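Reading through the structure tokens given below for one structure.
The values are calculated or read from the model by the stated rules, or taken from the named source; none is laboratory data. The structure presented is a predicted model; accordingly, all values stated were derived computationally and were not measured. Every residue, glycine as well, gets a Cβ built from its backbone with ideal geometry; the counts of neighbours run over all protein chains shown. These area figures cover heavy atoms from the full protein model, side chains too; ligands, DNA and RNA do not enter into them. Shrake-Rupley method; radii C 1.70, N 1.55, O 1.52, S 1.80 Å.
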Amino acid sequence: MDVESSSHNKQANGGGRRHNSGGSDSKESSVERELNGDIQAVVLNSGSNGHGLIKKPLPVGDDGRIKRKAKRLIQRQHSGSNGSAAVLTNGSGSGSGGSSGGGAVTAIATGILPQPGGYVVPHRRWKNSRRSRNLTRGRGLPKKGGGGGKGVWGLPGSEALAELYEDENDPNYDSDCNDRNVELREVITETTPDEFFKLAEPIVLEYYEHGDTHEVALSFDEILQGPLRERITSILVEIAMDHKDSQREMTSVLISDLYGRVITGKDIEKGFNILLSNLPDLILDTPEAPIMLGNFMARAIADDCIPPKFVSKPEEHLQLSEYAEQALRRADSLLHKQVWAHLDNVWGMGGPLRPVKTITKQMTLLLKEYISSRDVAEAHRCLRALEVPHYHHELIYEAIVMTLESLSQTTEEAMCELLKSLDLTCLVLPAGMEQGFIRVFDDMADIVLDVPLAYIILDRFVERCNRAGFLTDKIINNVPSRGRKRFVSEGDGGHVKPAILPMRD
């Protein structure tokens, strides 16, 4: 809306004073004053010809002065032949009053040319505005996405960006670190044998858990370097020496599966040569190291990983120690047999793979050896070597039956001591202990045929074990008792049963 005024502020104020000095008490309407020429109307929505559609007089106060609206910041767009420019005015259309000392003030901003009679707000009015100061570019809208401003350190995340320019006068500037003449090259450090052993040991121990040779081959491909291939065989055998026969069997299978894929026959031979030279140190931790190494070499030959001449010609190995010669003789003795099929079981059969009769026979021999020696630690070692924790109830069964058949209190004391030690070390679980005793209670009808005093000995043995404190209430409550022969006077009424009973009875 364009607002135009035809009179100056000074003239309007003078007209008001004339009306007041005249002393006229009559109050004329604004329309009458307009007709009299005292005030002029404001043209609203003036067209191009200057004629307004609606005329609205300016308000007049009680003192006769014209009340003008407060000046507001208005932005107008004026188009001309040379382009468009934004003009900031305070709401008054003409600036003619400025020449006569009126209230209209005109200010020209940098790059802004106001229209004739236009009013520009001084800088103190819009210095804190968010609008861009560069009005010759853009649309004059507030800045978006910028990192500047009061109390702002930059765009979020800009501190992580590398500085393109580094000031040499900066106190934190380091000429050594920021030298542009430095050439960076990739350097691959060689892994030492000790470091390779630390990397390979977790892989082998994990293999003993899952038994997947393909996974082991992939793991070795990631950490393996050319000169270290000959170390694989020596590391596998050294770790297997500290484990059981079942893990040694898995190690032999692993060497056979890695042959031709990760390591070659020459690498396996070099690995065994390293072990032969290290036998004086290995025997300190594993006294049976020469025999174990001989078994590994014989199994590798049976699996066609290395040729038989590696063992049959010891003169090719230089500076052999006494323990190395013993290992070669062990391997040669295993290979002298005509058939090598027995070498598949050079480490024995695993616990679950062996027949039940074989395991039972070994447990019987274990108990007989214990009764003769009374060595509890050796009995524990032999039981662990069987690797059949799910079949320990058979050991409890055989121990109780052997006690009943011995008819000796010394055997009862020895077996009670053994069972108590097995319970304290948790080598035999309480479930296995209960299952072994319950099996004996169920078979008492057959055992008493061979041992007439079996019930008496069993009651005495259970009482001894109960005093030792390793029996559960379930075992004590299920102890069988054999009833004695009843006499005629104890309830049969003196009647003797016939020898032959009718079929219907």
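What net charge do the residues around Leu205 carry, taking every other residue with its C-beta under 15 Å from that of Leu205, with Lys and Arg at +1 and Asp and Glu at -1? Provide the component values of the computation, followed by the final result.
Numbers: positive: Lys198, Lys244, Arg248; negative: Glu201, Glu206, Glu209, Asp212, Glu215, Glu238, Asp242.
Net local charge, Leu205 excluded: -4.
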Check: Given labels modelled 7 Å from the Cα in the Cβ direction, how far is it in nm from Glu288 to His210?
Finding: 3.0
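Net charge within 12 Å of Leu335 by Cβ-Cβ distance, Lys/Arg positive one each and Asp/Glu negative one each, not counting Leu335 itself? Show your work: numbers first, answer last.
Details: positive: Arg299, Lys309, Arg329, Arg330, Lys337; negative: Asp332.
The answer is +4.
Keeping every protein chain in place, order Val346, Val262, Val356 by accessible area at 1.4 Å, biggest value first, i.e. largest first. Kindly include the intermediate steps, with their values, before the conclusion.
Numbers: Val346 35, Val262 10, Val356 85 Å².
Listed by decreasing accessible area, they come as Val356, Val346, Val262.
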Check: Accessible area per residue, 1.4 Å probe, Å², for segment 356-477: what's the number?
Finding: 51
Check: Where the accessible area of segment 356-477 is counted over protein heavy atoms with a 1.4 Å probe, how much of it, in %, is carbon and sulfur?
Finding: 54
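At 0.36 nm per residue, minus the direct Cα-Cα distance, what do Ser373 and Asn478 gain on full extension? Give it in nm, one decimal, please.
Details: separation 105, 0.36 × 105 = 37.80 nm, distance 3.24 nm.
Extra length available between Ser373 and Asn478 comes to 34.6 nm.
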Check: Nearest 0.05, what FRET efficiency do Asp242 and Asp167 give at R0 = 60 Å with Cβ-Cβ as r?
Finding: 0.45
Check: In cubic angstrom, how much convex hull volume per residue do the alpha carbon atoms of segment 193-345 span?
Finding: 108
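Over all distinct alpha-carbon pairs, what is the Kirkwood Rh of segment 356-477 in angstrom?
Working: mean 1/r = 0.0693 Å⁻¹.
Computed over Cα pairs of segment 356-477, the Kirkwood hydrodynamic radius comes out at 14.4 Å.
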Check: Quick one: net charge of Ile255's neighbours, Cβ under 10 Å, K/R +1, D/E -1?
Finding: -1
Notebook entry, point to check: Given Lys266/Lys309; Lys244/Lys266; Lys368/Lys474, which pairs have Cα atoms separated by over 18 Å?
Noted result: Lys244/Lys266; Lys368/Lys474
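Test of the criteria: in segment 391-488, which trypsin sites (Lys or Arg not before Pro) are in a DSSP loop and have at most 14 other Cβ atoms within 10 angstrom of their Cβ? Intermediate results must be reported in sequence, preceding the final value.
On the way: sites: Lys420, Arg439, Arg460, Arg464, Arg467, Lys474, Arg482, Arg484, Lys485, Arg486; in loops: Arg482, Arg484, Lys485, Arg486.
The qualifying sites are Arg482, Arg484, Lys485, Arg486.
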Check: Taking the alpha-carbon set of segment 191-263, what are its Rg and Dmax in Å?
Finding: 11.2, 31
Note to self: Using a 7 Å offset from the Cα along the Cα-to-Cβ direction at both Val253 and Phe197, what is the distance between the two label points in nm, to one decimal?
What the structure shows: 2.7
Item checked: Euclidean distance between Cα centres, segment 250-294 to segment 403-420, Å -> 45
Check: With labels modelled as points extended 7 Å from the Cα through the Cβ direction, what inter-label distance (nm, one decimal) is found for Asp281 paired with Ile438?
Finding: 5.3
